[in-house]
């Protein structure tokens, strides 16, 4: 994160904290192949002119990079800003592909999305390809794209400065008026830069863009692999275009009922049982970490460090950490019990004037953005999507104050951060109401039991909305992102992509104990495991 809180998180050892990242409809499942909206779409959209000129584009494929793989090709296509007015302003959409390795076995295309909102996905075919089974790569062209407003697609910017990018703000009575001014300023700057275009930078239109990609590629249907926010994007696509959805894998899932304030608040809710689990784990290993012989003692050690840092910041690796900094970082860290234990032991040593042990995990760093992409691009897209997708955001600042005070008591680690005021309080309404996801499209939902960004309850929410789906829960699984990391769910997901057969019922499998306890467990390159937009990480 481009602010002091990020530096503090790095000093604590920052879990890769929903890109990829936070970071979530009534349509009939009978929407036909000619539909570019929902049964509940506004009249202006239903009456939109045909999209033929977009769907018949002929992309000019060329190497994406001078030194990249020859198989990695890119093109730019056009999509309408407003699908209700397709003859109006257009946006560029950057698309990439790596062709299927077998023309004989090829089935179609597999669109990929890493999460966000705001995460670039153009390079996903390159880094995701090696993680997929040979039988998957044989059958699908891997298709990446930067969603509307993101990266090499026509990029969105609000002109936000370093301080305005800092959105994870603990509630303090003396600071609340300042936080309200910050939220209002972000909304006003985004509106001043982008005007009415903001109303169309949302998930529904990104899903419509995906269907234009489908048509441009000459496919009757698409298959899809989406992580984190990408699960909500995929679910919205199944709602808008149920007959065009082939095999959909939705990994580390967003609950459509909780978009979007509720998905930030669920971080606070999910952190409390994770904290309890961590204290028990660390207590059993007191000889190794010295944090306490019982869960209560471990908890007392942690909260003692928070109280001490509230009085005087604790310097760790040259960075002063306040109690709020510790709470913010611990929110994601406690989902990884070994890492949280190591990090807390380092902090304890620093507080006691002893040299901390070397950090065993390198701090996450954001990949360098292309020079033409504005520095606040991911944040600008993040706020645009989460504020425009739904009209459920409260408009009264006092509501946020009351909720933050309440939730700091309910969820001590992160409750006040989650419920404090956000720019959406001052955002202009999106062009359409929230999409109700409620259909019988067949899909596969994958979910780790201990996911910091999309906790288990969130994945269960998406499963309830997708009546035709099946869900695989990885018991003991830690981290954000399941498929491609060698978990017990990989075989089921691969089988589904290859054969199209879903399990007969929801499944659970258990990750090996040694893998569940590793603080250096592998992560997906484009899908950070810790906290979110405003820096290197997001939903």
Output the residues belonging to the range 92-111 that are touching a helix residue (DSSP H, G or I) at 6+ places or on another chain (Cβ under 8 Å) and closer than 18 Å to residue 61 by Cα.
93, 95, 96, 97, 98, 100, 101, 108, 109, 110, 111
Which residues, counting only those in the range 315-334, are in contact with a helix residue (DSSP H, G or I) (Cβ under 6 Å, 6 or more places away or on another chain) and surrounded by fewer than 23 Cβ atoms within 10 Å (Cβ to Cβ)?
317, 319, 322, 323
Odd one out for residue 456 among (1) surrounded by 23 or more Cβ atoms within 10 Å (Cβ to Cβ); (2) within 19 Å of residue 473 (Cα to Cα)
(1)
Looking at 523, 435, which one is within 30 Å of residue 381 (Cα to Cα), out of contact with any strand residue (DSSP E or B) (no Cβ under 9 Å at 6 or more places or on another chain) and modelled with pLDDT under 95?
523
Enumerate the strands (runs of 3 or more DSSP E) found wholly within the range 60-176, keeping only those where 3 or more residues are more than 21 Å from residue 245 (Cα to Cα) and at pLDDT 95 or above.
73-80, 90-98
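Does the range 406-416 include one or more residues that are crowded, with 24+ Cβ neighbours inside 10 Å, modelled with pLDDT of 95 or more and closer than 22 Å to residue 164 by Cβ?
yes
Are any residues in the range 67-80 farther than 14 Å from residue 126 by Cα and either surrounded by fewer than 20 Cβ atoms within 10 Å (Cβ to Cβ) or more than 27 Å from the chain's Cα centre (by Cα) (or both), and if so, which ones?
If the condition is that a residue be farther than 14 Å from residue 126 by Cα and either surrounded by fewer than 20 Cβ atoms within 10 Å (Cβ to Cβ) or more than 27 Å from the chain's Cα centre (by Cα) (or both), then 75, 76, 78 are the ones that fit.
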Among what's in the range 212-232 and is out of contact with any helix residue (DSSP H, G or I) (no Cβ under 6 Å at 6 or more places or on another chain) and not in a helix (DSSP H, G or I), pick the residue that is surrounded by the most Cβ atoms within 10 Å (Cβ to Cβ).
227
Report yes if residue 182 is crowded, with 24+ Cβ neighbours inside 10 Å, out of contact with any strand residue (DSSP E or B) (no Cβ under 8 Å at 6 or more places or on another chain) and either at pLDDT 95 or above or within 27 Å of residue 267 (Cβ to Cβ) (or both), otherwise no.
no
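Does residue 444 meet the test of being surrounded by 20 or more Cβ atoms within 10 Å (Cβ to Cβ), within 23 Å of residue 495 (Cβ to Cβ) and in contact with a strand residue (DSSP E or B) (Cβ under 6 Å, 6 or more places away or on another chain)?
Working: surrounded by 20 or more Cβ atoms within 10 Å (Cβ to Cβ): yes; within 23 Å of residue 495 (Cβ to Cβ): yes; in contact with a strand residue (DSSP E or B) (Cβ under 6 Å, 6 or more places away or on another chain): yes.
Criteria met by residue 444.
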Hey, among 235, 199, which residue is in contact with a helix residue (DSSP H, G or I) (Cβ under 7 Å, 6 or more places away or on another chain), surrounded by fewer than 24 Cβ atoms within 10 Å (Cβ to Cβ) and within 30 Å of residue 109 (Cβ to Cβ)?
199
Need at least 3 residues that are touching a strand residue (DSSP E or B) at 6+ places or on another chain (Cβ under 9 Å) per element, so show me which strands (runs of 3 or more DSSP E) inside the range 244-324 make the cut, counting only ones lying wholly within it.
245-251
Sort out which residues of the range 471-491 are buried (at least 20 other Cβ atoms within 10 Å of the Cβ) and assigned to a strand (DSSP E or B), and write them in order of number.
471, 472, 473, 474, 477, 478
Every residue in the range 342-367 that is at pLDDT 95 or above, surrounded by 18 or more Cβ atoms within 10 Å (Cβ to Cβ) and not in a helix (DSSP H, G or I), please.
none
Of 508, 536, 473, which residue is closer than 26 Å to residue 278 by Cβ and modelled with pLDDT under 95?
536
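The values are calculated or read from the model by the stated rules, or taken from the named source; none is laboratory data. All figures in this text were calculated on a predicted structure; none of them were measured in a lab. Please note: Cβ atoms are built from the backbone with ideal geometry, for glycine as well, and neighbour counts cover all protein chains shown.
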